[in-house]
Amino acid sequence: MNQRGLVELRRELERRLVELLGKPVHVVQLTIFALPCGCVGASLEVRNIVREDVEVFKDHLRDLLREVVEWTLGKKPDLYYARLTPSGYDVVSLTGRVACDECGKDFKGAADVLPL
Ligand SMILES: [Zn+2]
């Protein structure tokens, strides 16, 4: 995916989240990542999304993350999660991750991670 494609994808994701949640939501960064263990994925750094939003719209958010990872990496994610602020109230990011063999087996996540 080229520069324009990624920029447009970020804009489209923001538009869909605003529509889904019915309030001003910002995707301040769309990140495609690779970890030392072999996991890859896509992450949306977000503003103005709270824990309750992701609990209510879990299925929709999984669908959205699956599409992002399929579009950018050509694979379906194995893991979906939201990362929370230490207060556990605000959502910092939403992630779809294609797990490596190790993480696929025993992914538990840290205390600030809410599985979707
Ligand atoms: Zn891994």
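So here's what we get for this one:
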| quantity | calculated |
| --- | --- |
| Expected 222 nm ellipticity per residue - DSSP helices of 4 or more, -39500 (n - 2.57), all of the chain, to 500 | -12500 deg cm²/dmol |
| Assigned charges on the beta-carbon of Lys, Arg, Asp, Glu; the chain dipole about Cα centre (debye) | 200 |
| Positive-end residue, the range 38-116 charge dipole about Cα centroid, Cβ charges, pick of Pro77, Cys39, Tyr89 | Cys39 |
| Least to most buried among Thr31, Thr95 (fewest other Cβ within 10 Å first) | Thr31, Thr95 |
| Rg/Rh (Cα only; Kirkwood hydrodynamic radius) as it applies to the range 14-116 | 0.95 |
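Readers should treat all values here as calculations from the given coordinates under stated rules, not as data from a laboratory. None of these values were measured; they are calculated from a predicted model. Counting neighbours? That spans all protein chains shown, and the Cβs are built from the backbone with ideal geometry, glycine included.
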